[in-house]
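Below is one structure; the comments refer to it alone.
Nothing in this text is a laboratory measurement; each read-out follows from the coordinates by a stated rule. This is a predicted model, so every value here is computed, not measured. No Cβ is skipped: glycine too gets one built from the backbone with ideal geometry, and neighbour counts run over all protein chains shown.
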Amino acid sequence: MRRDQAVAREHQDASAEFACLATVDADGRPHARFVTIRRIDSFHVTFWASGTSPKIRQLNTNRNYALTAYWPTLARQYRLEGVYHWVAASAVPDEYAALPWRAKIWDWLHEEMPQSAPTLDRGHLVTSFERRGVELERAFGGQEAVPAPANAGMVRLEPQRVEVQQIDAERRLHDRRVLVRDGERWTQAVLVP
């Protein structure tokens, strides 16, 4: 998946950085939203979030998730299922420091304006975001010195099952495979598309 994401980036695929995360709330209602993928390694897909966001509340209620990434330039889809782990930003300060500046502003703004909470209007939101950025630079002496706020953290998705589907638009004979994790090993099978 990491290699394919790199190729999608090279092809300037607008979807290369994003995936759709599905969770279930305490009432059993499904929720899906796009997240920005920050890292992919052999056993995890990582993104950042506010610990007070609805997605984290849902994951804390039910640690299972589904994540779907589709990269049109490659005609390839990934579907992951597994469990999630929360890592406080304070535990990984170097990784937090490497986040884009605007992501850090959002983290701090979410401390006073929780994600998905109603706001007065779009203008108020934009003004609050810009004001917070200026305040943070002033308070900490520059963008690089801004630490993580209390509720910021890294979400590490640990897939237990991965489906990869290579789309064959011409013949409609997609190549669909499933990989299932057993400890440190993955087993693979071909699926009927």
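Note on the range 46-66: among residues that are out of contact with any Pro (no Cβ under 8 Å at 6 or more places or on another chain) and assigned to a strand (DSSP E or B), the one that is surrounded by the fewest Cβ atoms within 10 Å (Cβ to Cβ) is ASN64.
Which of the residues belonging to the range 13-35 are farther than 18 Å from THR46 by Cα, in contact (Cβ under 8 Å) with a residue 12 or more places away in the chain and either more than 16 Å from the chain's Cα centre (by Cα) or crowded, with 16+ Cβ neighbours inside 10 Å (or both)? The answer is ASP13, VAL24, ASP25, ALA26. Selection of the range 101-119 for residues being under 24 Å from HIS31 (Cα atoms) and aliphatic (A, V, I, L, M) yields ALA103, LEU109, MET113, ALA117. Here PHE43 passes the criteria (1) part of a helix (DSSP H, G or I); (2) surrounded by fewer than 16 Cβ atoms within 10 Å (Cβ to Cβ) except the one numbered (1).
Scanning the range 115-148 for residues that are in a loop (DSSP other than H, G, I, E, B) and farther than 15 Å from TRP48 by Cα yields SER116, ALA117, PRO118, THR119, LEU120, ASP121, GLY141, GLY142, VAL146. Exactly one residue out of PHE43, PHE18, PHE34 is touching a Cys at 6+ places or on another chain (Cβ under 6 Å) and of a type outside the set (Gly, Ala, Ser): that is PHE34.
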